[in-house]
Each structure stands twice: as structure tokens, then as C-alpha cells.
Amino acid sequence: MNILIVSLNYAPEPTGIGLYSGGLATELATRGHRVKVVAAVPHYPQWRIFDGYSGWLWTSNIESGVSVTRCPVYVPADVSGLKRIIHYASFAISSFFPIIARALFFRPDIILNVAPSLGTAPTTLVSAKLTGAKAWLHLQDFEIEAAFATGHVNASGIVANAARWFEKAVMKRFDIVSSISPEMCHKLTEKQVGTEQIYEFRNWAELDHIKPQALSSYRSKWRLENKKIALYSGNIASKQGIEMLLDLARIMSVDPEFHLVICGEGANRLALEDKAKGLANISFYDLQPMENLSELLALASIHLLPQKADAADLVLPSKLTNMLASGRPVVAGAAAGTGLAREVEGCGLAVEPENAQAMADAIKLLIGNEQHYAAFATEARVRAEARWSKKAIIDALEQHMMPLRKKERA
């Protein structure tokens, strides 16, 4: 098949959407499909353009067997709601002609638009119409509602109503609309997407790379031997409600063996570090190289997955997949009945979102009960293998894609 992928974020970005868009394109190319990509220059999660890339030029190169066209994009150093909108809009504008040109000359069977950002969706729909391709929208999160939930954008008024209208108008015009969890797929029906259009396409765990291991070299490297370590590793941004972890560190300061490690980058990191001054039981580190991820995740006694209450079922944090693969229990901020709570059940504990005391109580419960801890740790790896296998997920995706080939290629 000929597959054109449009994704604001793309490899070599080490986390989030870029990691999965890059992994998908590379895997499909490895399986013999012809894949081309239109993406922005890499910039996430640091919110600065990576070394070796231009913020002003369009470039095309072969990256891991995939032809990738890079488009310039505005990358704000200080991320606000308005600046994020401009960021998305800049990619929609800079990618307009590359998407159409790629579609016209490549003649894809499928144009897969990864959101965020929905700003490229109209161009994808036009390109699909011009070439007879199937238009596929893949939602990693509901960016408009998430912006409202995190306070980046005012949820009332003309702009908000226009954004909601645009979202619904665009989504229902795609041939296929996919998302990463059952709850997010169900939410698509609320946006007038037909059930026959909806497909669940999960993110995956790197099961071959992430293995449960008893000890981590990071304990000695970071001088954390004999500590009970709660680890948060990933993007430091508003959707996570990560500020609550500082309150958690204060509550847990009575336990001299407890230590909180926050390993990541993002728009809110500097402010978070500043607020953490004076807390001796918390450490900040940069994201570690992908080849060291298994070692890093093995550092944890327990993984932490905070989340804002209002963001429930608007996103399913992709970091959960490898947390489970590492064979460690997870404590997640997720209300009962939400998708995240369902995914964690049996391999960790879900507590009230943005409640530091509830998270502290869950940590104490797990650390203080060896039997429960061992059962959750074992189930975490079993769960990852059962629900988050990369091969199984992409096998199923490929089977769903194959009937969409143009008749002359079938």
C-alpha cells in the first residue's frame, strides 16, 4: 500500500506522539508498504528545535527507510494557550503545499492525519478527495477539550464554540477515525462520528526492549541506593497535573527512605523545579536515552501517573504502556470508571486525581504490603503483554487498512 502520514510530531522526538508516529511509519515500511511522511521539525518535549534542524526551511530526507518532508514551525519558548494555537496553525500553513504535493505525486491509498493537530485535517480531506485516497484521522488526544480542561483556552465564548463546531465538522468527514482507548473511541460517537467509521488503534509498549529487572544502574549512578523510589518519567505539562507531586513529596518527607524522581522535560519544568526548592526528597533529571529506558523504569519501586481530573478520557497517557512493561505497580490519578482507572486495575491503584494525600496513602499501602506489591508487579507485565503488544496492534491495524487499497492495487 501507499500510505501518507501527516503528523506534527515525529521521530526523533523521544516521547509522546512523535515516538508513536515515527514507530508506526518505520514498522509499516519494514513490512513492505510505501510510506511517506509530512511532519514538523522535531521540537518536543523540550519546546525548542533539535540541533541539526532548521526552523525556517522545508527539507526532505530518508529517515529509517521512510521519506520524510520536514516543515518549519513556530515553537514558543514559553507555552501558553494562545502560543500553542499559533504553533498548531503554523504547521497547518507550512504543511499545506507539501501535503497536497505529496498526495498528487505519491497517489496514496490512505492519508493518515495524526492529531494533535486538527489544523491539518482540512488539507488532508482535500488531498484525499483529489487523489481518491481514504482519509484517516487518528486522535492521540482530544486537543480542543483538553485545552479547555487544562485552562489553556477559555471554554466559553465565540472562539470556544467555533472550535467545537470545527472539530465535529471535520471529524465526521473522514472515512476512518481512530483513537487509543475504548473510552476515547466512545467519545467520538458524541461528536457525531458514525460507529462504522471508528477504529481503536492503541499505542504500544516496547516489550522487546523494556524488561522487568530487579535492580537498576541508576540507583548507584544517582546515589539512590536503598530508597523507596516513586518515579514520574515523561512530559512535564499541564495535562498531567504534575504540580501535585510537590505536595506528595512534602507529605512523604516523614519517611526518610522515600524519594521522588521526576525525569522529563517540558514547558513547566523550570517553574516546577523552582517550587520544589527546599524539598530534599525530590530530584529532577532530563529524559534519558531510549536505549536506557529499561534501566530507568527499573529504578522505580512504584510508577506515578498523575492526571488532571478534567482531562479524564480526553487522553490516555502513552507512558503507561512502558510503565507496565517494566513490571512495577502504578499509582494513577484517575477517578473510578475512567479509562485510565480501568487500565490500571489489578496492576496498581487508581486514586482521586490531584489529591496528593490519596496518592501518598496508595504508595504507603503498596510499599507496606509485600504480597499486594508482588501481585501487582507481576500483573503489570502480564497486562502489557496482553493489551499493549506492538506486533499485535500493528498486525490488526494492517488488516484494517488492507481493504482500503485502491482497486487497481488490490
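The values are calculated or read from the model by the stated rules, or taken from the named source; none is laboratory data. None of these values were measured; they are calculated from a predicted model. Cβ sites come from the backbone with ideal geometry, for glycine too, and all protein chains shown count toward neighbours.
General remarks:
- Residue 220 vs. criteria farther than 30 Å from residue 401 by Cβ and assigned to a helix (DSSP H, G or I): yes
- Qualifying positions in the stretch 65-101 - surrounded by fewer than 17 Cβ atoms within 10 Å (Cβ to Cβ), assigned to a loop (DSSP other than H, G, I, E, B) and over 21 Å from the mean Cα position of the chain (by Cα): 65
- Residue satisfying all of: in the stretch 222-271; within 16 Å of residue 284 (Cα to Cα) and hydroxyl-bearing (Ser, Thr, Tyr); modelled with the lowest pLDDT among these: 233
- Verdict on residue 343 being assigned to a helix (DSSP H, G or I), surrounded by fewer than 15 Cβ atoms within 10 Å (Cβ to Cβ) and either of a type outside the set (Lys, Arg) or touching a residue at least 12 places away in the same chain (Cβ under 8 Å) (or both): no
- Among the candidates 377, 350, 332, 392, residue that is surrounded by fewer than 23 Cβ atoms within 10 Å (Cβ to Cβ), aliphatic (A, V, I, L, M) and without any contact (Cβ under 8 Å) to a residue 40 or more places away in the chain: 392
- Set 340, 316, 320, 397: member being closer than 20 Å to residue 184 by Cα and touching a Gly at 6+ places or on another chain (Cβ under 6 Å): 316
Results for (1) free of Cβ contacts under 8 Å to residues at least 40 places away in the same chain; (2) buried (at least 20 other Cβ atoms within 10 Å of the Cβ); (3) touching a Cys at 6+ places or on another chain (Cβ under 6 Å); (4) more than 24 Å from residue 96 (Cβ to Cβ), shown as yes or no for each residue.
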residue: 11; (1), (2), (3), (4): no, yes, no, no
residue: 17; (1), (2), (3), (4): no, yes, no, no
residue: 23; (1), (2), (3), (4): no, no, no, yes
residue: 30; (1), (2), (3), (4): yes, no, no, yes
residue: 37; (1), (2), (3), (4): yes, yes, no, no
residue: 51; (1), (2), (3), (4): yes, no, no, yes
residue: 54; (1), (2), (3), (4): yes, no, no, no
residue: 60; (1), (2), (3), (4): yes, no, no, no
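- You will find that of 39, 29, the residue that is closer than 24 Å to residue 234 by Cα and either of a type in the set (A, V, I, L, M, F, W, C) or assigned to a loop (DSSP other than H, G, I, E, B) (or both) is 39 and no other.
Per-residue answers, yes or no, for (1) of a type outside the set (D, E, K, R); (2) in a loop (DSSP other than H, G, I, E, B):
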position: 203; (1), (2): yes, yes
position: 213; (1), (2): yes, yes
position: 245; (1), (2): yes, no
position: 248; (1), (2): yes, no
position: 251; (1), (2): yes, no
position: 256; (1), (2): yes, yes
position: 266; (1), (2): yes, yes
position: 273; (1), (2): no, no
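- Any hit, the stretch 115-124, residues being part of a loop (DSSP other than H, G, I, E, B), buried (at least 21 other Cβ atoms within 10 Å of the Cβ) and touching a helix residue (DSSP H, G or I) at 6+ places or on another chain (Cβ under 9 Å): yes
- The requirement of being in contact with a Lys or Arg (Cβ under 8 Å, 6 or more places away or on another chain), among the hydrophobic types (A, V, I, L, M, F, W, C) and in the same structural domain as residue 147 (by TED's automatic domain parsing) is fulfilled somewhere in the stretch 72-79, by at least one residue.
- Evaluation of residue 230 against the conditions (1) under 29 Å from residue 256 (Cα atoms); (2) touching a strand residue (DSSP E or B) at 6+ places or on another chain (Cβ under 8 Å); (3) assigned to a loop (DSSP other than H, G, I, E, B); (4) of a type in the set (A, V, I, L, M) shows that the sole unmet condition is (3).
- Scanning the stretch 178-231 for residues that are among the hydrophobic types (A, V, I, L, M, F, W, C) and more than 24 Å from the chain's Cα centre (by Cα) yields 214, 215, 222, 224.
- Qualifying residue in the stretch 259-267 (condition: over 17 Å from the mean Cα position of the chain (by Cα) and of a type in the set (Asp, Glu)): no
- Pairs are defined by a Cβ separation below 8 Å, a sequence spacing of at least 6 or placement on different chains, a first member in the stretch 64-88 that is in contact (Cβ under 8 Å) with a residue 12 or more places away in the chain and of a type in the set (Lys, Arg), and a second member that is assigned to a loop (DSSP other than H, G, I, E, B) and surrounded by 14 or more Cβ atoms within 10 Å (Cβ to Cβ); the pairs so defined are 70/41; 70/53; 70/58; 84/76; 84/152.
- Members of the stretch 324-333 that are farther than 12 Å from residue 343 by Cα and assigned to a helix (DSSP H, G or I): 325
- Close pairs (9 angstrom Cβ cut-off, 6 or more residues apart or separate chains): farther than 16 Å from residue 113 by Cα in the stretch 167-188, among the basic types (Lys, Arg) anywhere: 181/202; 181/342; 182/342; 183/342
- Summed over the stretch 1-58, residues that are small (Gly, Ala, Ser), modelled with pLDDT of 95 or more and under 22 Å from residue 139 (Cα atoms) total 10.
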